[in-house]
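Data block below; observations after.
The values are calculated or read from the model by the stated rules, or taken from the named source; none is laboratory data. For clarity, every value in this text was computed on a predicted model and none was experimentally measured. Every residue, glycine as well, gets a Cβ built from its backbone with ideal geometry; the counts of neighbours run over all protein chains shown.
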Amino acid sequence: MKKPIRNSWILLSLSILTVYGVFCFLLPTEGEGGVHEFIGMPRHVEYGSGLSENIGPFLFLLCGVLCPLEKLTEYLLQRNSLVYIRRRNDASRVWRYLLLTMTYCAVYTGIQVGVTVLNNEYISIPTLLYGATYAFLLLLCSLLTVTLSIMLSQRALGYGCVIFFATCIAALEPLRSFLTKSISAVPLWAAVFLFGAVMLSLLTAFIFNRIEIIQEDSCI
């Protein structure tokens, strides 16, 4: 029974990636930077909200969040009937989850970096890496938000927060301008997303430990 379930998961993930690829192929490239920027990096526009020019970054994030189909979260929350005996080893699962999540974000972003380089040989590598780092950190924060919401039995709220924030970035030029401001040569988005990732990781570890305590008490 496990093999058909695994195959269906792979097929669904590939379907999401296929739909994402088709939309990316059809997307407009207007806006500051256009095809010379990483697809996950929002574009600045002189007039209007820029929503149509920033559908690409929105889809990049949405596909990145949906593609794992919550398998990373399932790994973290996998029950262990011997948790009260193997408490120390089981607690390390949080750090393995964080490592797996960061690895997934790096691979997902890295594949898009490779595709971008292949499609545009004249692209600026520093600009590409700048946008890829932005997309990596935002995707990491989004996945951590979803996991945290599932742990709190608020799945819909978690996805809603991710979609709301991604929509705000895509539609609000003042927010995009604010995030790209620099403080001592460090872009503000880097500080915001890094701080968010650290706080979400700490909250995930704290809530996971609380869940383990509840499980331990129920076993005694």
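Quick notes on this structure:
- A single entry from SER177, SER142 fulfils the requirement of being closer than 21 Å to LEU51 by Cα, touching a strand residue (DSSP E or B) at 6+ places or on another chain (Cβ under 9 Å) and of a type in the set (S, T, N, Q): SER177.
- Residue in region 51-70 that is modelled with pLDDT under 70 and in contact with an Asp or Glu (Cβ under 9 Å, 6 or more places away or on another chain) present: no
- You will find that of THR101, THR116, the residue that is closer than 28 Å to LEU175 by Cβ, modelled with pLDDT of 80 or more and over 18 Å from the mean Cα position of the chain (by Cα) is THR116 and no other.
- Taking region 174-195 as the range and being surrounded by 19 or more Cβ atoms within 10 Å (Cβ to Cβ) and out of contact with any Phe, Trp or Tyr (no Cβ under 7 Å at 6 or more places or on another chain) as the test, the residues that pass are ARG176, PHE193.
- Region 159-218 - residue that is among the β-branched types (Val, Ile, Thr) and modelled with pLDDT of 90 or more and, of those, farthest from TYR130 (Cα to Cα): ILE207
- When residues in region 157-187 are screened for being assigned to a helix (DSSP H, G or I) and in contact with a Ser or Thr (Cβ under 7 Å, 6 or more places away or on another chain), 6 of them pass.
- Single unsatisfied condition, SER149 versus (1) closer than 23 Å to GLU53 by Cβ; (2) part of a helix (DSSP H, G or I); (3) not β-branched (Val, Ile, Thr): (1)
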